[in-house]
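First comes the structure, then the notes that go with it.
The values are calculated or read from the model by the stated rules, or taken from the named source; none is laboratory data. Quick caveat: nothing in here was measured; it's all calculated off a predicted structure. Cβ atoms come from the backbone with ideal geometry, glycine included; neighbour counts cover every protein chain shown.
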Amino acid sequence: MHKTVSKNRFKTMAKLLLKNGINIDYQFDWSSDEVDGLNYTDTPRLGSGNYNGIPGWYFTKADKIDWTNSEKYLIKKLFTSKNFKVISVDDGEMEYDNDRYFFPTINFILKQ
């Protein structure tokens, strides 16, 4: 059974990542003025995933640059401190026929 998690908990996690130099993607503010261009909200873009039958989520990196080993270590440490378990920290990947690119991700669940 999937526990309900407050949106604020994901915002807190995103702020912690940003504070430590890990830049993830945020949602657009679609109400922003066209003249100003698109602005971002303080809410991270959150995807849902299923990891060996356990429901979870993922954050996507804001750019195409793969994670460094030190970033991967730091990400796992930060998520653990907030009672999440990192399933994987994946680098970006081009689809087999070069049709689309999958940005680097952080895949995680709640600690059991």
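Overview of values
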read-out: Qualifying residue in the stretch 61-73 (condition: β-branched (Val, Ile, Thr), under 28 Å from Thr4 (Cα atoms) and touching a residue at least 24 places away in the same chain (Cβ under 8 Å)); value: no
read-out: Within the stretch 71-86, tally of residues that are out of contact with any Leu (no Cβ under 9 Å at 6 or more places or on another chain) and either at pLDDT below 95 or farther than 26 Å from Tyr40 by Cβ (or both); value: 2
read-out: Close pairs from the stretch 38-50: first closer than 20 Å to Leu16 by Cα, partner modelled with pLDDT under 85 and acidic (Asp, Glu), Cβ under 8 Å, at least 6 apart; value: Tyr40/Asp29; Thr41/Asp29
read-out: Members of the stretch 64-109 found to be touching a Lys or Arg at 6+ places or on another chain (Cβ under 6 Å), part of a strand (DSSP E or B) and surrounded by fewer than 18 Cβ atoms within 10 Å (Cβ to Cβ), listed by number; value: Lys85, Val86
read-out: Residue within the stretch 30-49 that is under 25 Å from Gln112 (Cα atoms) and exposed (fewer than 11 other Cβ atoms within 10 Å of the Cβ) present; value: yes
read-out: Residues within the stretch 49-63 that are within 13 Å of the chain's Cα centre (by Cα) and in a loop (DSSP other than H, G, I, E, B), tallied; value: 2
read-out: Close pairs from the stretch 75-87: first touching a residue at least 24 places away in the same chain (Cβ under 8 Å) and farther than 17 Å from Ser6 by Cβ, partner surrounded by fewer than 16 Cβ atoms within 10 Å (Cβ to Cβ) and aliphatic (A, V, I, L, M), Cβ under 7 Å, at least 6 apart; value: Leu78/Leu16
read-out: Single residue of the stretch 1-48 satisfying the filter (modelled with pLDDT of 90 or more and part of a strand (DSSP E or B)) that is nearest to Ile65 (Cα to Cα); value: Ile24
